[in-house]
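Below is one structure; the comments refer to it alone.
The values are calculated or read from the model by the stated rules, or taken from the named source; none is laboratory data. Owing to the predicted nature of the structure, the values given are computational and were not obtained by experimental measurement. Cβ: placed from backbone, ideal geometry, glycine included. Neighbour counts: every protein chain shown.
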Amino acid sequence: MDAKFWIEKWEQQQIGFHLPMAHPMLASHWSALGVERDAHVLVPLCGKTLDLVYLMSQGCHVTGVELSPIAIRQFLDEQALQADSIDIDGMPVATVDGLRLIEGDFFRLSPQALGSVDAVYDRAALIAMPPDQQERYAQQLLALTSVSVPILLVTLDYDPSEMSGPPFATPREQVMRLFEERYEVDLLERLDVLADNPALEGRGLTGLTETAWHLKPRQPKPKN
Ligand SMILES: C[S@@+](CC[C@H](N)C(=O)[O-])C[C@H]1O[C@@H](n2cnc3c(N)ncnc32)[C@H](O)[C@@H]1O
């Protein structure tokens, strides 16, 4: 999907992916990652998700990255937050205590601009990309977190012959292919969520599962 696709979705407020609460799998599984308070958490492709608020409530410092200025404005307005504006690498950044919202293309973000990261939370970011862009997304994520950090990843899976994304079907094999070189991939929870997603059912799906994955950094191999 190109930037124009998402910018227009926000302009037209076609944001069926947005939830009115923090994602239940975040609340259930964040503690499994063992992330300390004060940790710096990266939330790629964050939209205006209330997951940002949840992570802040856990004492984390959070950086969200989002293309759409409308999403960022709505998040700040809805949370009644007064943000300062700075610029990082030519991208506008809204900053409030414990939160930075970088407005721009995730693929343009540099590790220097982001700073060191302790954990990543991805819900509806990887799966917003078609399979041929997911590889590029995963490479960028790994480049931004040069020392491996834990990742809580939430994906959807369905029969791709029934519907074209977004969201894109992302089965276990794809998660393994993208991450297993640097991560052990642990399945935390898988739920049948078709009934909770009538819009996707209306697009033709007869089955839909949602999965929370804990990507655990592999220990570096000892040198001989
Ligand atoms: C499916 S939505 C998910 C939003 C959020 N993670 C949530 O759970 O509500 C994907 C979001 O990624 C943003 N996006 C898409 N491509 C992007 C990119 N290359 N860089 C930054 N944001 C992007 C879109 O504007 C959209 O808000």
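Observations on the model:
- In region 33-46, the residues that are free of Cβ contacts under 8 Å to residues at least 40 places away in the same chain reach residues that are assigned to a strand (DSSP E or B) and away from the ligand (no atom under 16 Å from the Cβ) with C-beta atoms within less than 7 angstrom, at least six apart or across chains, in these pairs: ASP38/HIS61.
- Residue ID - nearest to the ligand (Cβ to nearest atom), chosen from residues in region 99-126 that are farther than 18 Å from LEU152 by Cα, in contact with a helix residue (DSSP H, G or I) (Cβ under 8 Å, 6 or more places away or on another chain) and among the charged types (D, E, K, R): ASP105
- Taking the listed residues ALA39, ALA27, ALA83, the one that is within 15 Å of the ligand (Cβ to nearest atom) and small (Gly, Ala, Ser) is ALA27, with no other qualifying.
- Flag if VAL62 is in a strand (DSSP E or B), within 15 Å of LEU144 (Cα to Cα) and at pLDDT 95 or above: yes
- Residue check, LEU142 in contact with an Asp or Glu (Cβ under 8 Å, 6 or more places away or on another chain) and not polar (S, T, N, Q): no
- Pairs, first within 11 Å of VAL154 (Cβ to Cβ) in region 13-26, second surrounded by 12 or more Cβ atoms within 10 Å (Cβ to Cβ) and of a type in the set (Lys, Arg), C-beta under 6 Å, six or more apart: HIS23/ARG123
- Here ALA32 fits the description: closer than 23 Å to TRP213 by Cβ, surrounded by fewer than 19 Cβ atoms within 10 Å (Cβ to Cβ) and either touching a strand residue (DSSP E or B) at 6+ places or on another chain (Cβ under 8 Å) or of a type in the set (S, T, N, Q) (or both).
- Test: residue in region 64-72 that is closer than 16 Å to TYR121 by Cα and of a type outside the set (Val, Ile, Thr): yes
- Looking only at region 49-58, and only at residues there that are part of a loop (DSSP other than H, G, I, E, B) and within 22 Å of VAL193 (Cα to Cα), the one that is nearest to the ligand (Cβ to nearest atom): THR49
- Residues in region 2-43 that are aromatic (Phe, Trp, Tyr) and either in contact with a Ser or Thr (Cβ under 8 Å, 6 or more places away or on another chain) or in a helix (DSSP H, G or I) (or both) were compared, and the one that is farthest from VAL65 (Cα to Cα) is TRP30.
- Residues considered: GLU162, GLU184. Of these, the only one that is farther than 25 Å from GLY59 by Cα, assigned to a strand (DSSP E or B) and of a type outside the set (A, V, I, L, M) is GLU184.
- Restricting VAL65, VAL96 to residues that are more than 15 Å from the ligand (Cβ to nearest atom) and over 20 Å from LEU208 (Cα atoms) narrows the list to VAL96.
- Among the residues of region 117-148, those identified as among the β-branched types (Val, Ile, Thr) and at pLDDT 95 or above are VAL117, VAL120, ILE127.
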